[in-house]
Amino acid sequence: MYKREVTITNPTGLHARPATLLVKMAEKYKSELKIINGGIIANPKSIFNVLAAGLGPGITITVEAEGEDEKDAVDGLCEFIASLEE
């Protein structure tokens with residue numbers, strides 16, 4: 001298992017458009033993925049899970065993966081989230 005924290009810097013958080021892009025990116029990886037926001041665990045391969053996780057601006061989340069491409073998956077998703085700007 002590999003995990004990393006990232007802070008959401010996008011002023012509007014992970015709303016519909018960036019959440020959709022995140023899901024498309026997550027679907028490319030074979031590993032089992034999780035986004036953890038406090039006590040909420042979301043599957044980043046599900047748009048409904050991502051939107052329901054309440055991923056607003058300034059929140060620090062943990063991106064976690066387990067599988068053959070876990071490091072690439074976590075690093076890729078974290079870099080994407082950190083690069084979001086409105």
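Quick check, is Ser83 surrounded by fewer than 16 Cβ atoms within 10 Å (Cβ to Cβ) and small (Gly, Ala, Ser)? So Ser83 fits the description; yes.
Could you please give the count of residues in the stretch 14-41 that are under 18 Å from Ala82 (Cα atoms) and in contact with a helix residue (DSSP H, G or I) (Cβ under 9 Å, 6 or more places away or on another chain)?
So the count comes out to 13.
Taking the stretch 37-55 as the range and being closer than 15 Å to Glu5 by Cα and surrounded by fewer than 16 Cβ atoms within 10 Å (Cβ to Cβ) as the test, the residues that pass are Gly38, Gly39, Ile40, Ile41.
If you go through the stretch 13-26 and keep only what is under 11 Å from Leu77 (Cα atoms) and either without any contact (Cβ under 8 Å) to a residue 24 or more places away in the chain or among the β-branched types (Val, Ile, Thr) (or both), you end up with Val23, Lys24.
Selection of the stretch 65-80 for residues being within 13 Å of Val6 (Cα to Cα), in contact with a helix residue (DSSP H, G or I) (Cβ under 9 Å, 6 or more places away or on another chain) and buried (at least 22 other Cβ atoms within 10 Å of the Cβ) yields only Leu77. Restricting attention to the stretch 21-36, which residues are out of contact with any Ser or Thr (no Cβ under 6 Å at 6 or more places or on another chain) and among the β-branched types (Val, Ile, Thr)? Val23, Ile35 - these are the residues of the stretch 21-36 that are out of contact with any Ser or Thr (no Cβ under 6 Å at 6 or more places or on another chain) and among the β-branched types (Val, Ile, Thr).
Every number in this text was worked out from the coordinates using simple rules, so none of it is lab data. Every value quoted in this text rests on a predicted model; they were computed, and no experiment measured them. FYI the Cβ positions are ideal-geometry reconstructions off the backbone, even for glycines, and counts take in every protein chain you see.
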